[in-house]
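*Asks:* Here it is: the structure, laid out below.
The values are calculated or read from the model by the stated rules, or taken from the named source; none is laboratory data. This structure is a prediction, so every number in the text was calculated from the model and none was measured. Cβ: placed from backbone, ideal geometry, glycine included. Neighbour counts: every protein chain shown. Remember, those area values only see protein heavy atoms, side chains included, never the ligands or the DNA or RNA. Shrake-Rupley method; radii C 1.70, N 1.55, O 1.52, S 1.80 Å.
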Amino acid sequence: MRKRFVFKKILFKTLILCGVAAWIGLAAWLSIPAPAAFAQQPTGSIATVTGTPTGPMITVYQGTIGVYAGPSTYNYDQIGILIAGEKAPALGYSADGNWIEIIYLGVPGAKGWVYGPLVSISTGDLPALVAPPTATPRTTATLNPTYAAAFGVQSEPTRLPTFTAPPALKIPTFTVGTGGASKIPFGLVILILALIGVLGAVISFLRGNR
């Protein structure tokens, strides 16, 4: 009787362990992701792009041309380029008819302007468009006078010296005097003094020989 009780107890524990193991195995099997072949496929259709853009198109003649933010190379920045044979949808003309606005992806607004004579257009039936506002004018950098003086940089161009004509040269003139009121020639006075000197010398010589 005791052996049967022990056997039933062991059998009961074995059944409990088998149930726990079966539950753990089922939970582990449910956690494994299903193979790709049995995964649920999405329903519906995927949009595809077919055909080519319709409407006016521009084509670059040759070389490489610039694409600008507006109808001018001076007031607007260059935002891209187009190469020979490349096409783009055209949207309209500028007010003067020289520039064409096109769709240009990859820039803000996805639009740009090309110079009309550099491209061909499939049709001339395009509206006239208003040019976009110009960007903030570029400022010219100014140099700090202290730094400019330290590094020998002239902040302002040096003016060249101006030529000033010298005053007229005055040539002095000399006048020959008349020798006073006596009108005695100055040469005659010198000659008389010389004769007096010679006469004095002769007298002194004669007195010395006595």
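*Asks:* Going from most exposed to least, what order do TYR93, TYR74 have by accessible area with a 1.4 Å probe?
*Replies:* Values: TYR93 55, TYR74 185 Å².
Ranking TYR93, TYR74 by accessible area, largest first, yields TYR74, TYR93.
*Asks:* Kindly report, to the nearest 10 Å², the accessible surface of THR73 as traced by a 1.4 Å probe over protein heavy atoms only.
*Replies:* Approximately 90 Å² for this residue.
*Asks:* Sticking with the crude label model, points 7 Å out along Cα→Cβ, report the distance from ALA194 to ILE103 in nm, one decimal please.
*Replies:* The modelled label-to-label distance comes out at 12.1 nm.
*Asks:* Here's another thing I want to ask about it. Modelling each spin label as a point 7 Å along the Cα-to-Cβ direction, I'd like the THR14/ALA95 distance in nm, to one decimal.
*Replies:* Output for this residue pair reads 10.1 nm.
*Asks:* Points 7 angstrom from Cα along the Cβ direction at ALA165 and LEU118: gap in nanometres?
*Replies:* So the label points at ALA165 and LEU118 sit 5.5 nm apart.
*Asks:* Counting only protein chains, not ligands or nucleic acids, how are VAL130, VAL67 ordered by accessible area (probe 1.4 Å), most first? Please list the in-between numbers first.
*Replies:* On the way: VAL130 135, VAL67 0 Å².
Largest to smallest exposure gives the sequence VAL130, VAL67.
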